[in-house]
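Q: This is the structure I have questions about; it appears just below.
Each reported figure results from applying straightforward, stated rules to the coordinates on display, with no laboratory input. What you are looking at is a predicted structure, and each value in this text was computed from that prediction instead of being measured. Cβ placement follows ideal geometry from the backbone for every residue including glycine, while neighbour counts extend to all protein chains displayed.
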C-alpha cells in the first residue's frame, strides 16, 4: 500500500510540474529515480542495495530521456528557423516581382510618342541625306 501511495505521490508531483519548461529535466530526474528506486526495492525483496541499483537505473533512464527530448527540441527549432528563412526569401521575391510589375505599368502609362521630321541635309563630302520622318518614344 505504501508503494502505491509513493507512486501516486510522485505521479501527482510530476503532473503538477509538467507544464513548466524550466523544471522538466529536474522533475524527470526525480520521478524516474524514485520510480527506479521503488521498483528496485520491491524487486530485490525490500533490500536497500536493490533500491540503490534501481535508483541509479532510473537516473540513467531520465538522462537518456532528457537528451532525446533536447535533441528533438533542437531539431524542431532548426526546422522552424529554416522554414522562416524560406518564407522570408519567398516574401522578398514577391516584393521584387510586384515592384517590377508596377514600374512597367507606370512606364507604359507615361510613354509619349513624338514625330520628328528631319530636313534634307548635305554633308561635307557632298552626300545628300533625303528628308525623313521618324517617331521617337519618350518617357
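Q: Ranking request for peptides 112-125, 47-60, 83-96, 29-42: highest mean number of other beta-carbon atoms within 10 Å first, then the rest in descending order.
A: Top of the packing list down: 29-42, 47-60, 83-96, 112-125.
Q: Please report, in whole Å³, the volume per residue of the convex hull around the C-alpha atoms of the range 49-139.
A: Cα-based convex hull of the range 49-139, divided per residue, equals 139 Å³.
Q: Another question, then. Subtract the Cα-Cα distance of residue 116 and residue 64 from 0.36 nm times their separation in residues, and report this length gain in nm to one decimal.
A: That works out to 10.2 nm of additional length.
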